1. Just name the residue that is farthest from the chain's Cα centre (by Cα) out of those in segment 5-41 that are loosely packed, with under 15 Cβ neighbours inside 10 Å and part of a loop (DSSP other than H, G, I, E, B).
2. Among the residues of segment 82-90, is there at least one that is over 21 Å from residue 254 (Cα atoms), loosely packed, with under 15 Cβ neighbours inside 10 Å and outside the structural domain of residue 57 (by TED's automatic domain parsing)?
3. What are the pairs, 6+ residues apart or on separate chains, where a residue within segment 83-106 that is on the phi > 0 side of the Ramachandran plot has its Cβ under 8 Å from a residue that is part of a helix (DSSP H, G or I)?
4. Being among the aliphatic types (A, V, I, L, M) and either assigned by TED's automatic domain parsing to the domain that holds residue 20 or surrounded by 18 or more Cβ atoms within 10 Å (Cβ to Cβ) (or both) is true for just one of 232, 240. Which residue is that?
5. Limited to segment 182-215, what total is found for residues that are loosely packed, with under 15 Cβ neighbours inside 10 Å and of a type in the set (A, V, I, L, M, F, W, C)?
6. Please count how many residues of segment 274-283 are touching a helix residue (DSSP H, G or I) at 6+ places or on another chain (Cβ under 7 Å) and touching a residue at least 60 places away in the same chain (Cβ under 8 Å).
7. In segment 126-163, which residues are β-branched (Val, Ile, Thr) and either surrounded by fewer than 17 Cβ atoms within 10 Å (Cβ to Cβ) or over 20 Å from residue 103 (Cβ atoms) (or both)?
Amino acid sequence: MRAVILDLKGMENLDLTPLQRELDELVTYPLTRAEDVAGRAAGFDIVITNKTPLTRELLQSLPDLKYICVVATGTNVVDKEAAAELGIPVSNCVAYGVDSVVQHVWSMILALHTNLLNYSRDVAQGEWQRSEQFCFLTHPIVELKGKTLGIIGYGHLGQGVAEIGRAFGMQVLIAQRPGSEQAQSGRVSLDRVLEMSDVLSLHCPLTEDTENLIDAAVLARMKPNAFLINAARGGIVNEADLLAALQAGEIAGAATDVLSEEPPRQGNPLLDQALPNLIVTPHIAWGSAEARTRIIQQTAENIHAFVGGRHIRGV
């Protein structure tokens with residue numbers, strides 16, 4: 001079996017031996033432009049992609065293609081309907097980044113509650129050095145114990161964040177699935193979660209029901225001392241509305257690891273001006289070395305199974 005990785009960037013420093021053991025040949029490219037995909041994928045039995053799109057037209061032009069591996073959980077980059085029609089199975093990777101994402105979410109929550117970045121910035125600017133007292137309490141510090149953590153999206157990630165919240169002594173509220181009309185055991189209405197949460201953490205997929213879920217009306221219903229955390233997808237939050245809410249003091253702060261367009265080459269409301277109560281990180285919550293190593297291992301497992309006549313982690 002011969003395989004090509006179209007976009008290895010972000011994983012180029014990892015050990016690819018598990019993949020190489022399953023293959024006769026492995027060719028890798030850091031990134032592949034749309035106009036180069038057909039040429040680079042031609043003749044290979046297996047195409048491995050992260051974010052490089054595999055369209056119907058492309059798949060129809062690759063008669064040798066037998067299997068597609070997506071080195072991510074989301075598979076929207078593949079025309080799965082076309083792949084099914086052509087008899088090309090597709091596999092992805094799942095739950096590889098739970099620990100990494102949960103750790104990042106809590107890094108953001110803790111940084112906001114301790115005003116960590118603002119205090120660090122003050123020290124760098126010499127404010128502590130000019131202080132009349134041993135400490136320098138110019139930004140509020142808030143304890144988590146006794147506060148309410150609201151979670152929208154209760155898969156592996158939401159469950160992991162909830163577990164840490166309980167360890168901090170927080171009350172955890174799980175919202176009903178957006179768009180679901182059937183009550184779910186152990187969950188409460190989205191309205192109640194919005195009104196009760198001191199921290200609202202998003203872990204749901206981006207769908208028709210969740211696009212722009214967090215808009216001006218929703219933000220206005222949250223507590224003025226509440227923090228919004230988004231490590232899900234940028235389109236779930238209306239970024240212009242969030243900026244306005246932060247500027248108006250409708251909520252206390254926010255942290256996001258995702259934006260509606262990535263990378264934000266055309267700009268973004270949340271990047272247009274520096275806000276002391278906003279943290280933006282560049283979609284890195286999943287990116288621990290351990291999580292990325294799991295991606296390689298799961299992909300090797302997917303290929304091993306396929307070569308042996310089985311289809312695992314199929315989508």
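The values are calculated or read from the model by the stated rules, or taken from the named source; none is laboratory data. None of the values given here were measured: they were computed from a predicted structure. Here the Cβ positions follow ideal geometry from the backbone for every residue, glycine too, while neighbour counts run over all protein chains shown.
1. 24
2. Among the residues of segment 82-90, not one is over 21 Å from residue 254 (Cα atoms), loosely packed, with under 15 Cβ neighbours inside 10 Å and outside the structural domain of residue 57 (by TED's automatic domain parsing), which makes the answer no.
3. Going by the 8 Å Cβ cut-off, the qualifying pairs are 95/156.
4. Of the residues listed, the single one that is among the aliphatic types (A, V, I, L, M) and either assigned by TED's automatic domain parsing to the domain that holds residue 20 or surrounded by 18 or more Cβ atoms within 10 Å (Cβ to Cβ) (or both) is 232.
5. The total comes to 1.
6. 3
7. Within segment 126-163, 138, 141, 142, 148 qualify.
Quick grid of which residues meet (1) modelled with pLDDT under 95; (2) surrounded by 16 or more Cβ atoms within 10 Å (Cβ to Cβ); (3) closer than 28 Å to residue 207 by Cβ; (4) touching a His at 6+ places or on another chain (Cβ under 8 Å):
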| position | (1), (2), (3), (4) |
| --- | --- |
| 3 | no, yes, no, no |
| 50 | no, yes, yes, no |
| 56 | no, no, yes, no |
| 59 | no, yes, yes, no |
| 70 | no, yes, yes, no |
| 73 | yes, yes, yes, no |
| 98 | no, yes, yes, yes |
| 104 | no, yes, yes, no |
| 108 | no, yes, yes, no |
